[in-house]
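A.B. asks: Just dropping this structure here.
The values are calculated or read from the model by the stated rules, or taken from the named source; none is laboratory data. For clarity, every value in this text was computed on a predicted model and none was experimentally measured. Reconstructed Cβ throughout: ideal geometry from the backbone, glycine too, with neighbour counts over all protein chains shown. Side chains are part of the model used for accessible areas, which takes the heavy atoms of the whole protein and leaves out ligands, DNA and RNA. Shrake-Rupley method; radii C 1.70, N 1.55, O 1.52, S 1.80 Å.
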Amino acid sequence: MKLKKDVDLKSFFERLKLCRGDVFFVSREKDRLNLSSMLTRMIFLTISKNEEIMASSRIECTDDGDYDVLKAFLEAGAEQ
């Protein structure tokens, strides 16, 4: 699913703590950043400033229930 534009990343990271499975940021090139890692969160913060990369990337959850946990940050109607 696509991450909404201009999300509050601090709130997004707080919400990630409630997820049961892994949550990945996946780029168009299929690079996968596991957002449970502080290092990859720092990389994600840098990437988030690039609108083109953000628009062509998606969020993937290994536990389908985690999409509900993150729904406030994900675009409605976007495919999983």
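A.B. asks: For segment 17-40, which residues satisfy the criterion of being farther than 16 Å from K2 by Cβ and in contact with a strand residue (DSSP E or B) (Cβ under 8 Å, 6 or more places away or on another chain)?
C.D. replies: Hits for segment 17-40 are C19, G21, D22, N34, S36, T40.
A.B. asks: Moving to a separate point now. Condition first: open to solvent by 30 Å² or more (accessible area, probe 1.4 Å) and under 11 Å from the mean Cα position of the chain (by Cα). Now tell me which residues in segment 46-63 satisfy that.
C.D. replies: S48, M54, R58, E60
A.B. asks: Let me ask something additional. Residue check, D66 against (1) open to solvent by 60 Å² or more (accessible area, probe 1.4 Å); (2) modelled with pLDDT of 95 or more, all met but one. Which one?
C.D. replies: All conditions are met except number (1).
A.B. asks: A follow-up question, please. Scanning for something of a type outside the set (S, T, Y), part of a helix (DSSP H, G or I) and open to solvent by 40 Å² or more (accessible area, probe 1.4 Å), does segment 20-34 turn up at least one residue? Even if it seems obvious, please write down each step before you answer.
C.D. replies: Initially, segment 20-34 is screened for residues of a type outside the set (S, T, Y), giving 20-26, 28-34.
Now drop any that are not part of a helix (DSSP H, G or I), which leaves none.
No, segment 20-34 contains no residue that is of a type outside the set (S, T, Y), part of a helix (DSSP H, G or I) and open to solvent by 40 Å² or more (accessible area, probe 1.4 Å).
A.B. asks: Answer with yes or no whether F12 is open to solvent by less than 90 Å² (accessible area, probe 1.4 Å), in contact with a helix residue (DSSP H, G or I) (Cβ under 6 Å, 6 or more places away or on another chain), modelled with pLDDT of 95 or more and not in a loop (DSSP other than H, G, I, E, B).
C.D. replies: Details: open to solvent by less than 90 Å² (accessible area, probe 1.4 Å): yes; in contact with a helix residue (DSSP H, G or I) (Cβ under 6 Å, 6 or more places away or on another chain): yes; modelled with pLDDT of 95 or more: yes; not in a loop (DSSP other than H, G, I, E, B): yes.
It is true that F12 is open to solvent by less than 90 Å² (accessible area, probe 1.4 Å), in contact with a helix residue (DSSP H, G or I) (Cβ under 6 Å, 6 or more places away or on another chain), modelled with pLDDT of 95 or more and not in a loop (DSSP other than H, G, I, E, B).
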